[in-house]
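The values are calculated or read from the model by the stated rules, or taken from the named source; none is laboratory data. Here the structure is a predicted model, which is why all the values come from computation and not from measurement. Every residue, glycine as well, gets a Cβ built from its backbone with ideal geometry; the counts of neighbours run over all protein chains shown. Remember, those area values only see protein heavy atoms, side chains included, never the ligands or the DNA or RNA. Shrake-Rupley method; radii C 1.70, N 1.55, O 1.52, S 1.80 Å.
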Amino acid sequence: MRQHRFLYMGFGALAVLLSDVMCAQVAYSYADLWWCGQVAGCSAPASVAFLLAIPYGAAIALCVLLSWVFYRRGKRGLEA
């Protein structure tokens with residue numbers, strides 16, 4: 001059951017790390033697109049940067065789901 005504990009804590013930590021990376025990536029892309037639209041004349045609006053949050057959100061949801069599954073399996077193994 002130590003294996004399940006390692007897995008659910010690992011996936012939980014990965015979800016937190018991915019959320020931090022997502023925030024940094026979206027903020028940087030938004031600022032870059034805003035500057036490009038104001039100064040360099042790009043045609044894409046800065047709000048396009050928020051589309052980068054979709055794959056990060058899916059990966060975070062998957063990590064949380066796996067963390068929950070391994071947590072439940074670890075608890076079930078202790079009860080039996």
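Solvent exposure of the stretch 1-58 amounts to 72 Å² per residue of accessible area, where only protein heavy atoms count and the probe is 1.4 Å. Extending 7 Å from the Cα toward the beta-carbon at both ALA40 and TYR56 defines two label points whose distance is 2.0 nm. Using a probe radius of 1.4 angstrom, the carbon and sulfur fraction of the accessible surface of the stretch 1-57 is 69%. With pairing defined as another cysteine C-beta under 4.7 Å, the cysteines of the chain that fail it are CYS23, CYS63. Across the stretch 10-80, Cα pairs under 8 Å and at least six residues apart give a relative contact order of 42 percent.
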